[in-house]
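To start, the structure itself, in structure tokens.
The values are calculated or read from the model by the stated rules, or taken from the named source; none is laboratory data. Note that the structure is a prediction, hence the values are computed from the model and not measured. FYI the Cβ positions are ideal-geometry reconstructions off the backbone, even for glycines, and counts take in every protein chain you see.
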């Protein structure tokens, strides 16, 4: 992780900033390896200070032994302010996208130093993944794929959405995952038309479309996968929107590559769905970055002008959602390359809507 710190220091030198205060837990983990839920990291040209409280003293020694640890009885930002003063720092960069107004006042009111917005310094480094990060993401994806297979084994009329979601999480946790990357989605029937539906104590019935969106967190990195199937039998409409969604997703996997903007990548997929007549029923973005966080930069959306870079890990996840009917979403996790994408997800994706039970 020292190389990551040195890259931060290089950015600080370019901006003529003496120090950076890192407050977001994902950024602290990325730079220091510390996974505690409370703390801040202060980086200067010749010092790295991890600040937390008694609960994390031993954890910090185990996870971030190379950095100087300050144990404080005060909240992290109060303790950080004291450390900034003690070091005599005249100016400090901070992540203005993470620090609230109230937190800003804790740092800034009557302070003998200046605070300068420095959002994105660490997130920019996190955009592309190194070999170790890719190993962790692949491991998370493997567990996610297997958990999806377990859901398909259990799915049948009479099983509830919540039971399937719990079974998926149990499988992941008992097969190497720290936790689920996010709240697992299992949505059946018309409920599947809600892109971020929450599992209910409602049983699957024959004819339901079922969307399953799940991900394992493994060694602090996330997996993300969505598959759709029908229970018992499938209507003609369900089969049609599945084909349209799959065709759009495969088009994205074929045509997305480094150098495109997020908007251009989204347009490739969105145009395919529009050509099939379902453009009004695909309202969210085509994808997002995945790493330490389940949703991180870049975005594959209609508003993103950020270029895709080789080494980014992103999702490609078009969906079609018909009110009172149901929805289809198909999602893979991919690695962006100079010439295209490498698909990391390996869960089966049949050409026709799978029918289970």
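At a glance:
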quantity	calculated
Those helices (runs of 4 or more DSSP H) lying entirely in the range 1-87 with at least 1 residues under 19 Å from residue 119 (Cβ atoms) and assigned by TED's automatic domain parsing to the domain that holds residue 121	2-15, 25-32, 76-87
Residue 314 vs. criteria buried (at least 17 other Cβ atoms within 10 Å of the Cβ) and farther than 18 Å from residue 137 by Cβ	no
Filter pass, residue 249 being in contact (Cβ under 8 Å) with a residue 12 or more places away in the chain, more than 30 Å from residue 28 (Cβ to Cβ) and surrounded by 15 or more Cβ atoms within 10 Å (Cβ to Cβ)	yes
The one condition in (1) in a helix (DSSP H, G or I); (2) in the same structural domain as residue 205 (by TED's automatic domain parsing); (3) surrounded by 14 or more Cβ atoms within 10 Å (Cβ to Cβ) that residue 153 fails to fulfil	(3)
Of all residues in the range 114-136 being touching a helix residue (DSSP H, G or I) at 6+ places or on another chain (Cβ under 9 Å) and in a strand (DSSP E or B), the one that is farthest from residue 308 (Cα to Cα)	114
Filter result for the condition that a residue is touching a residue at least 60 places away in the same chain (Cβ under 8 Å), surrounded by fewer than 24 Cβ atoms within 10 Å (Cβ to Cβ) and assigned to a strand (DSSP E or B), over 309, 335	335
Which listed residue is more than 23 Å from residue 312 (Cα to Cα) and assigned to a loop (DSSP other than H, G, I, E, B), from 257, 233	233
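Conditions (1) over 22 Å from residue 1 (Cβ atoms); (2) in the same structural domain as residue 293 (by TED's automatic domain parsing); (3) surrounded by 15 or more Cβ atoms within 10 Å (Cβ to Cβ), marked per residue:
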| position | (1), (2), (3) |
| --- | --- |
| 93 | no, no, yes |
| 99 | yes, no, yes |
| 105 | yes, no, no |
| 110 | yes, no, no |
| 117 | yes, no, no |
